[in-house]
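The structure appears below as structure tokens.
The values are calculated or read from the model by the stated rules, or taken from the named source; none is laboratory data. Everything quoted here is computed from the prediction, not taken from an experiment. Counting neighbours? That spans all protein chains shown, and the Cβs are built from the backbone with ideal geometry, glycine included. Keep in mind that these areas ignore ligands, DNA and RNA; they rest on the heavy atoms of the full protein, side chains included. Shrake-Rupley method; radii C 1.70, N 1.55, O 1.52, S 1.80 Å.
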Amino acid sequence: MDARISRIRSKLAKMPYQAQRSHSVCGEGHQFRLGPRIGSSEADAFEAEHHILLPAAYRAFLIELGGRGAGPFYGLLPLEKCRLFTMNRKPADGSPRGFRHVDHPYALQGDLFLHIIEMGCSDLCLIGVTGPLTGRVVIGNADGFWPPNVSSAPDFLSWYERWLNHMRDGKDNAALGLSSPAIAGSARWGPAPWRHLRAFAEGALEPPARPSETPERP
């Protein structure tokens, strides 16, 4: 078993008791709990139905840790509610790319991304399942209201553990839906950083940083 599985399980169990942790969107309604794990046969059936292979680290998370619940933003979607998207072409006017569900009549026949985390409205948190971004987490907006952001984490387990680490350490990271205790306590939008993620992504708004800090990307 991947050693990160045990680390994530331990960190997740401790997170509610971290006094100086960051605050996440949605008031952490998931209460840092994961739903039941899925079986290998369920993962196999999903792959067969959609003619894809789930990225190995994401599949391991679902089978070894949990199939829904605790995660960035509004939390991990159950596999049966995950849908496939493709990224739109770059608009001629230079505006950001959006995404379309694969069944949309104007969807491109390109690389596939699976919607895995609920962000609300037309915002999407996806994982690449084909092409050069396979296994990488991407956030974006279906309507292209703000540009897609590809996480530097090499796979889902690394991305999820980064969320836990940044939350534990009280960091600001809009791309993970996190506001530090200081920002959450003083900012006009309160402890819900997601309302301003679009402004962060477009460079119109930056959270205050301590003198020694550099804002981190996902």
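Worth a mention:
- Qualifying position, being among the basic types (Lys, Arg) and either under 20 Å from residue 155 (Cβ atoms) or in contact with a strand residue (DSSP E or B) (Cβ under 8 Å, 6 or more places away or on another chain) (or both), among 89, 21, 97: 97
- Only one of 45, 57, 70 that is open to solvent by less than 60 Å² (accessible area, probe 1.4 Å) and touching a strand residue (DSSP E or B) at 6+ places or on another chain (Cβ under 6 Å): 70
- Within the range 103-127, the residues that satisfy the criterion of being touching a residue at least 12 places away in the same chain (Cβ under 8 Å) and open to solvent by 50 Å² or more (accessible area, probe 1.4 Å) are 109, 111, 118.
- Selection of the range 10-66 for residues being over 14 Å from residue 76 (Cα atoms) and assigned to a loop (DSSP other than H, G, I, E, B) yields 18, 19, 20, 21, 22, 39, 51, 52, 53, 54, 55.
- Residue pairs meeting the criteria (Cβ under 7 Å; at least 6 apart or on separate chains; first over 18 Å from residue 138 (Cα atoms), in the range 155-179; second open to solvent by 10 Å² or more (accessible area, probe 1.4 Å) and outside any loop (DSSP other than H, G, I, E, B)): 168/11; 170/181; 172/183; 179/23
- Residues that are assigned to a loop (DSSP other than H, G, I, E, B), of a type outside the set (A, V, I, L, M) and within 22 Å of residue 166 (Cα to Cα), drawn from the range 68-87: 68, 71, 72, 73, 74, 75
- Residue in the range 32-39 that is within 19 Å of residue 115 (Cβ to Cβ), among the aliphatic types (A, V, I, L, M) and at pLDDT 95 or above present: yes
- Residues satisfying the stated conditions in the range 1-30, i.e. modelled with pLDDT under 95, surrounded by 11 or more Cβ atoms within 10 Å (Cβ to Cβ) and closer than 18 Å to residue 62 by Cα: 2, 30
- Residue, surrounded by the most Cβ atoms within 10 Å (Cβ to Cβ), within the range 128-149, restricted to residues that are aliphatic (A, V, I, L, M) and in contact (Cβ under 8 Å) with a residue 60 or more places away in the chain: 137
- Taking the range 133-148 as the range and being in a loop (DSSP other than H, G, I, E, B) and within 18 Å of residue 162 (Cα to Cα) as the test, the residues that pass are 135, 136.
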